[in-house]
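This report concerns only the one structure given below.
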Amino acid sequence: MFVDPQWHLEEIEGVMPHFLFYRKGRKSAELYCTACHDRFETKDKGLIQKLKHKADGECPFCQGKVQLRQMDRGRATYRYYDNFAIFGNSGDDVRISCITVYQSFEEDIMEPVYDWYETVRYELSEGCAKEYRKAYDCKQNKMVWQPLKRKPKEPLFHAGAFGSGYNGYHVLGFDAIERSFLKYLFKGMDSSELPQFFITYYCRYAEHPQLEYLIHGGLKLLADSYISGALNQTRINWRTSDLKKMLRLDKTEIEYLKENEGREYNQYIPFRRDIYRGRTSAETIRYYREFGYNTVKIEYISDKISVSRKQVMDYVIKHRNKERNTFMLYMWSDYIRECEKLGYDLYDKSIVMPRDLAAAHERTSLIIKTENDLRLKYQLEISNAARKKMEYTDKKRGLTVIIPESVEEIAREGRILHHCVGGYAKRHAEGTLHILFVRQIGKEDIPYYTMEVSLSGKIVQCRGFRNNMGVGSTPKPQEMIDFETEYQAYLDSLFRKMDKTAGKGMKQAV
């Protein structure tokens with residue numbers, strides 16, 4: 001092992017759970033604490049009453065946090081484990097042993113027994129970091145430690161199902177850092193400021209000592225992004241110790257990024273590269289502040305209408321009035337899609353960059369809506385011609401089935417009966433299903449029940465007010481249930497009588 005856990009056994013015991021074992025008598029209780037290793041007897045009635053198996057408490061002798069357990073119950077089946085990363089030195093280098101410690105009890109012994117298993121090793125020297133894991137060696141016929149080819153990262157103690165095992169760990173022997181070349185990385189920082197990816201940080205620092213300049217230069221969040229692998233669009237130049245050359249930024253840009261500890265570096269660099277780089281850094285930053293989060297829309301508009309990214313941003317600034325940049329870009333991109341759909345010339349700047357974007361967008365939206373309405377109306381006329389035979393009247397029950405003449409009627413039906421048939425209007429017009437109205441004879445203008453019929457002639461659903469389930473609705477009456485059965489029989493007969501050609505023609509038409 002790199003570091004012998006026996007050297008840190010006392011620290012490990014301090015982290016692992018402690019217990020107060022008790023055995024109650026008539027007037028007294030016998031106690032044993034694994035934190036202070038003392039056995040004593042008490043006659044305190046108040047204390048005896050608080051002794052409950054598996055309850056949390058504290059030792060009355062050493063005041064340590066303990067879990068209460070009966071002496072003669074459940075010790076042999078108890079198991080607990082925790083993870084530890086133990087740091088040690090090898091000269092100026094650092095070695096880390098990552099172990100899982102198991103706590104258990106032997107029969108009739110109240111002191112816990114500790115076993116451990118070493119899962120990962122790290123070896124850190126200047127310019128190099130290696131991670132070791134055990135692998136089977138056929139020649140030696142045993143498990144041996146072998147270095148991994150990939151970059152070292154946080155230790156994996158327990159894979160678990162879908163990687164869900166517990167992989168948190170406690171750090172022991174941290175003073176080894178102060179005796180190594182790693183001592184400058186987090187120098188002067190409080191323990192609460194130390195990062196989440198603790199070991200990964202030291203591994204990357206061993207490979208790139210310049211990481212120190214990011215942390216102490218006010219760009220800690222940028223360093224965090226690099227460690228977590230979030231810098232997927234940018235690269236850091238590790239061959240220099242000059243922070244400006246390292247990040248490919250000038251002094252003005254670095255001072256700007258320091259405002260949020262470098263959080264926006266991964267976004268600022270692509271903006272400067274792909275969207276706009278001004279004559280000065282101050283100009284680039286000004287545009288980035290305005291549009292740094294809208295690059296996708298800017299690129300879309302710029303490519304569609306063949307203007308520069310700067311022209312797109314300048315147009316938004318000039319015409320936005322009280323609207324925000326994001327809203328303007330979304331409205332503009334939607335307007336361009338509508339212009340493209342209508343066949344307008346996207347190279348005509350008077351069309352794609354109008355003086356009043358909101359008014360122009362409203363006009364194109366109205367034109368497209370009108371065209372869609374006309375198309376649906378035409379489709380509905382064709383499909384309804386084939387639906388005429390589906391009309392039906394039951395004079396005995398006073399009910400009739402009628403065909404809706406427009407998509408507006410279907411939408412109105414849904415509003416009045418408070419159900420979702422309005423969402424079926426387009427599919428009804430296109431002929432992918434049938435929407436029918438069930439009316440009471442003499443009250444054909446008043447919505448009563450709405451029916452959906454499949455292309456094969458089967459009733460899919462028949463709903464009344466609030467789907468016969470919501471507040472204010474009533475259960476479907478028996479006469480309506482009987483009418484559905486009778487109408488389904490009519491549909492079965494209708495679809496059977498249709499010859500193959502007529503049936504195919506109807507299904508295609510509707």
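The values are calculated or read from the model by the stated rules, or taken from the named source; none is laboratory data. For clarity, every value in this text was computed on a predicted model and none was experimentally measured. Counting neighbours? That spans all protein chains shown, and the Cβs are built from the backbone with ideal geometry, glycine included. To get the accessible areas, we keep the full protein, side chains included, count just its heavy atoms, and leave off ligands, DNA and RNA. Shrake-Rupley method; radii C 1.70, N 1.55, O 1.52, S 1.80 Å.
Data overview
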read-out: Lys/Arg +1, Asp/Glu -1 at C-beta; the chain dipole; positive extreme among 166, 177, 203; value: 166
read-out: Carbon and sulfur %, accessible surface of the chain computed with the full protein complex present, 1.4 Å; value: 50 percent
read-out: Point-to-point label distance, residue 471-residue 196, nm (Cα→Cβ direction, 7 Å offset); value: 4.2 nm
read-out: Size-normalised alpha-carbon gyration radius of the chain, reference 2.2 N^0.38 Å; value: 1.62
read-out: Largest-first ellipsoid semi-axes for the stretch 174-331, taking √(5λ) over the Cα gyration tensor eigenvalues, angstrom; value: 38, 15, 13
read-out: Stretchable slack from residue 67 to residue 42, in nm (0.36 nm times residue separation minus alpha-carbon distance); value: 7.2 nm
read-out: Cα-Cα pairs of the stretch 295-352 separated by more than 13 Å (percent); value: 58 percent
read-out: Straight-distance crosslink candidates among lysines, where the alpha carbon sits under 23 Å from residue 24 and sequence neighbours closer than 8 are dropped; value: 43, 45, 50, 52, 54, 65
read-out: Long-range tail of P(r) for the stretch 91-132 (Cα pairs > 17 Å, %); value: 51 percent
read-out: Using distinct alpha-carbon pairs, which all enter the 1/r mean, Kirkwood radius of the stretch 64-221 in Å; value: 18.1 Å
read-out: Rg to Rh, two decimals, where the stretch 182-237 supplies the alpha carbon set and Rh follows Kirkwood; value: 0.92
read-out: For the stretch 389-510, with +1 on Lys and Arg beta carbons and -1 on Asp and Glu, the positive-most of 390, 495, 474 along the dipole; value: 495
read-out: Two-decimal log10 I(q)/I(0) for the stretch 368-510, as the Debye equation yields it once each C-alpha is a single scatterer, q = 0.15 Å⁻¹; value: -0.75
read-out: Radius ratio Rg over Rh of the stretch 388-448, counting only Cα atoms, Kirkwood formula for Rh; value: 0.97
read-out: Nearest-0.05 FRET efficiency for residue 304 and residue 405, computed from C-beta distance (R0 25 Å); value: 0.05
read-out: Normalised contact order of the stretch 80-121, rounded percent, pairs of Cα under 8 Å and 6 or more residues apart; value: 36 percent
read-out: Computed lengthening from residue 358 to residue 90, 0.36 nm per intervening residue step minus Cα-Cα distance; value: 89.5 nm
read-out: Cβ charges +1 (Lys, Arg) and -1 (Asp, Glu), total dipole of the chain, debye; value: 1400 debye
read-out: The stretch 378-405-the stretch 4-38 distance, computed between alpha-carbon centres (Å); value: 84 Å
read-out: Cβ-Cβ FRET estimate between residue 244 and residue 319, R0 fixed at 30 Å, reported to 0.05; value: 0.20
read-out: Residue 286 versus residue 233: modelled label distance in nm, points set 7 Å from Cα along the beta carbon direction; value: 2.3 nm
read-out: Environment charge at residue 274 (Cβ cut-off 11 Å; Lys +1, Arg +1, Asp -1, Glu -1); value: +3
read-out: Percentage relative contact order, the chain, counting C-alpha pairs under 8 Å, at least six apart; value: 6 percent
read-out: Spacing of the two label points (7 Å from each Cα toward its C-beta) at residue 391 and residue 350, in nm; value: 5.2 nm
read-out: R0 of 45 Å, Cβ-Cβ distance residue 430-residue 255: FRET efficiency to nearest 0.05; value: 0.15
read-out: Given charges at Cβ of Lys, Arg, Asp, Glu: the chain dipole, positive-most of 311, 3, 188; value: 311
read-out: Estimated 222 nm signal from helices in the chain, with DSSP H stretches of n ≥ 4 weighted -39500 (n - 2.57), rounded to 500; value: -11000 deg cm²/dmol
read-out: Inverse of mean 1/r across different Cα pairs in the stretch 311-445, Kirkwood, Å; value: 18.2 Å
read-out: Which listed pairs, of 310/349; 130/220; 388/443; 377/476; 151/251, have C-alpha distances above 26 Å, in listed order; value: 377/476; 151/251
read-out: Dipole moment magnitude, nearest 20 debye, the stretch 216-321 about Cα centre, only Lys, Arg, Asp, Glu C-beta charged; value: 240 debye
read-out: Difference of contour (0.36 nm per residue) and Cα-Cα distance, residue 144 to residue 126; value: 4.0 nm
read-out: Loop-located GluC sites (Glu not before Pro) in the stretch 422-495 whose Cβ has at most 14 other Cβ within 10 Å (DSSP); value: 444
read-out: Globularity index of the stretch 253-359, i.e. its alpha-carbon radius of gyration over 2.2 N^0.38 Å; value: 1.15
read-out: Cross-link partners of residue 389 among aspartates and glutamates (Cα-Cα below 19 Å; sequence separation of 8 or more within a chain); value: 381, 405, 430, 444, 452, 484, 486, 492, 499
read-out: Calculated on alpha-carbon atoms, Rg and Dmax of the stretch 1-85 in Å; value: 14.9, 53
